[in-house]
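The values are calculated or read from the model by the stated rules, or taken from the named source; none is laboratory data. Model, not experiment: these values are computed from the prediction. Using ideal geometry, Cβ is built from the backbone for each residue, glycine included, and neighbour counts are taken over all protein chains shown. Areas reflect the complete protein model, heavy atoms only, side chains present, ligands, DNA and RNA absent. Shrake-Rupley method; radii C 1.70, N 1.55, O 1.52, S 1.80 Å.
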Amino acid sequence: MFGCGNRLLQAVAIGYGRLPMNILVGAMTVAAGLLIGLLPRRAGSLPLYARQTGQPCATCHTAFLELTPFGRRFKLGGYTLGGGDWEGPPFAVMLQPTFTNTQAPQPGGAAPGFGVNNNLVMQQMSLFTGGRITDNLGAFIQGTYDGVAHRFGWDNTDIRFAAPIDLGEHKLLWGVSANNNPTVQDVWNTMPAWSFPYISSRLAPMPTARPFIDQVYAQQVVGLSGYGFLDDTFYFELGGYRPLSTNSQLVLGVDTTAQSPISGIAPYWRVAVEPSFGDHSWEVGTFGLASNVVPLRVSGAGTDSFTDIGIDTQYQYLGDPHSVTVRAAWIHENHNTSASQALGLADNSNDKLRSLNVSASYIYDHTWSLTAGRISIGGTVDATLYGTFTGSPNSAGWIFDAAYLPFSHGGPSFWPWLNFRIGLQYTRWTKFDGATRNIDGMGRNASDNNTFFAYIWTMF
């Protein structure tokens, strides 16, 4: 089996040996994911990890995706903790059938091929592999079929090496993460990759503006970062991201339309402290991403630059049967748009953007989940850059989510690793793309985008 894996990697290397390094990196990542899935080892919330550890989903999650302290340390440790007796293949499957209703129909349809309202769709289907590879090496690898865009491609990927070190009276867990989405490697549910709402409709209107660190580069880049967790309290991380070429992204199933790729390497940093007090934990931290970008891949005018700096905090109480989590993250983006201005893509030479995401969850017995959140975006008026009727990026709204998770303590006897999150979500917009009324010049109001969203989130 190992020989087969080596031949696979050799074939990829030979086949792409004369192509640009970005294409080779993308191909090698796909090959690594396939090889991880074929390695002869015990497999391990993903049900994949539940099988590996022998633990129910409730050990790592208050209600997936939200992590417990145990779940955070499992991830920081490289997904390597064992304890289960599963010897089957290391794979898991996720399905997300959804229903979306907006307060007013969307002229022209919610998306190509969909109606103006009341749309049912299998929004997402994902296949996962990963878990423990060696004592110190593990992975989270996801491939996804997007039922709205009708496209399959690689999704969030995080491959880690981690090891503990004794430093006298102190203990350091250190590691290295190779991933494809800034913030996907983070372990708190305040960061854009894992923040509330954990699922949202792909067929509902969304504000035009968002900071670059908020999923703009997801699956478009490859990154490497080193991190340390000292005395189970102090966390620090430093790394960088570089873009994948257009050809690499197309091979990996990424939509490259209207991208403004990173020029060179974009540094990423993260610092946090999380003291624990019995059933209580409290995290406070900061994070950031800085980069030069080529606006819409047009290089004649040079590059824009941006710096995103965020602060975040998360309080968590884990009792029995009650759990409470409160999260907040604020991001400030300074965006030098001089290149975009020269190309006629922006009105200003410098724009600022700010975002706020605050939410609180109450979870009973890891089974019933109630969450309320506030989201807002604000910044400099720039009609050409944002393309909104008002020229403003300002939006604000409330999100309410109620969910039932029947199998957090263990699934049915015929498949103990089955898990469901059955949820109803309502989003109320008080401002959208800079206005409350007539947001598009054609009489549509912010409240017309209010959305009722029903979902069944299945993992097995």
Calculate for the chain the 222 nm mean residue ellipticity that helices alone would give, adding -39,500 (n - 2.57) per DSSP H run of length 4 or more and normalising by residue count, nearest 500 deg cm²/dmol.
-4000 deg cm²/dmol
Taking the Cα of residue 151, stepping 7 Å toward and past its beta carbon, and measuring to each backbone N in the range 185-213: which are under 16 Å?
202-203
What does the charge add up to near residue 397, with Lys and Arg as +1, Asp and Glu as -1, over the other residues with Cβ less than 11 Å from its Cβ?
+3
Residue order for 337, 256 - accessible surface, 1.4 angstrom probe, largest first:
256, 337
Per-residue ³J(HN,Hα) for the range 86-100, Karplus 6.51 cos²θ - 1.76 cosθ + 1.60, θ = phi - 60°, Hz, x for Gly and Pro
5, 10, x, x, x, 9, 9, 10, 10, 10, 9, x, 9, 10, 10
Rank these residues by their accessible area, most exposed first, probe 1.4 Å: 125, 206.
206, 125
Using 0.36 nm per residue, how much length does the chain from residue 165 to residue 208 gain when fully extended, once their Cα-Cα distance is taken away?
10.9 nm
Measuring from label point to label point, each 7 Å out along Cα→Cβ, what is the residue 135 to residue 389 span in nm?
6.4 nm
In order over the range 116-133: 3J(HN,Hα) from phi, Karplus 6.51/-1.76/1.60, θ = phi - 60°, whole Hz, x for each Gly or Pro, gives 6, 6, 6, 9, 9, 7, 7, 4, 8, 10, 10, 10, 10, 9, x, x, 6, 9
Residue 370 accessible area, 1.4 Å probe, all protein chains in place, Å² to nearest 10:
100 Å²
When ligands, DNA and RNA are left out and all protein chains stay put, how many square angstrom of accessible area per residue does the chain have with a 1.4 Å probe?
42 Å²
With each pseudo-label sitting 7 Å past Cα toward Cβ, what's the residue 456-residue 176 distance in nm, one decimal?
4.4 nm
How big is the accessible area of residue 93 in square angstrom, nearest 10, if you roll a 1.4 angstrom probe over the protein chains?
40 Å²
Residues other than residue 304 with Cβ under 15 Å of its Cβ, Lys/Arg counted +1 and Asp/Glu -1, net out at -3
Expressed in µm² per second, the diffusion coefficient of the range 116-186 from the Stokes-Einstein equation, with Rh the Kirkwood radius over alpha carbon pairs, at 20 °C and 1.002 mPa s, is 145 µm²/s
Can you sort 183, 367 by solvent-accessible area, 1.4 Å probe, largest first?
367, 183
Report in % the part of the accessible area of the range 216-333 that belongs to carbon and sulfur, leaving out ligands and nucleic acids; probe 1.4 Å.
65 percent
For the chain, with only Lys/Arg (+1) and Asp/Glu (-1) charged at the beta-carbon, what is the dipole magnitude about the Cα centre, in debye rounded to 20?
820 debye
Of the heavy-atom accessible surface of the range 170-214 (probe 1.4 angstrom), what whole percent is carbon and sulfur?
57 percent
Anchor residue 352: aspartates and glutamates whose Cα lies under 17 Å away (excluding residues fewer than 8 positions away in-chain)
214, 304, 308, 333, 382, 433
To the nearest 10 square angstrom, what accessible area does residue 374 show with a 1.4 Å probe?
70 Å²
